[in-house]
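Okay, structure first, notes after.
Read-outs throughout are calculated quantities, based only on the coordinates presented, and are distinct from any laboratory measurement. Since the model is a prediction, treat every value here as computed from it, not as a measurement. We place every Cβ from the backbone using ideal geometry, glycine too, and count neighbours over all the protein chains shown.
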Amino acid sequence: MGEICYFPAMKKYFALMLHPPRPSFTQDMTPEERALMQQHVAYWTKFMEKGHVVAFGPVMDPKGGYGLGIVGVQEEKEVKEFIAGDPCNGMLRFEYHPMRAVVAGESRV
């Protein structure tokens with residue numbers, strides 16, 4: 001009989017960019033905004049622990065900070081679902097794009 005080979009589906013990677021409501025957001029969040037951001041961090045940490053997020057966090061751009069995340073999923077719809085469930089969805093504006101990521105420990109052959 002022939003040999004059976006199994007190749008698990010490779011993850012698709014996306015770069016997420018989170019735009020704050022104003023350029024000074026990282027310096028002058030209100031207490032309510034800060035509480036939402038804490039929920040936001042906990043939300044994405046949960047996906048990191050499950051292996052769906054490679055990295056995320058604020059980018060300290062002198063022209064105005066923003067958030068950046070790298071997400072690895074099987075299907076793009078998962079990215080949309082993650083964004084839809086984020087406690088900061090609505091306060092932050094999300095955009096994402098496919099990424100040809102090179103990830104430690106993954107073979108891309």
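Annotations
- Projected label distance in nm at residue 49 and residue 75, using a 7 Å step from Cα toward the beta-carbon: 2.6 nm
- Descending principal axes extents, the chain, alpha-carbon based, whole Å: 67, 26, 20
- Within the stretch 12-99, percent of DSSP bridges classed antiparallel, to nearest 5: 95 percent
- Each of residue 10 and residue 24 was given a label point 7 Å from its Cα along the Cα-to-Cβ line. The distance between the two points is 4.6 nm.
- Least to most buried among 97, 40 (fewest other Cβ within 10 Å first): 97, 40
- Note, ³J(HN,Hα) from phi for the stretch 59-67, Karplus 6.51, -1.76, 1.60, rounded to Hz, x at Gly and Pro: 9, 8, 6, x, 7, x, x, 7, x
- For the chain, the longest principal axis of the alpha carbon atoms and the long axis of helix 31-49 meet at an angle near 10°.
- The chain: angle of helix 76-85 to the longest principal axis, Cα-based, in degrees nearest 10: 30 degrees
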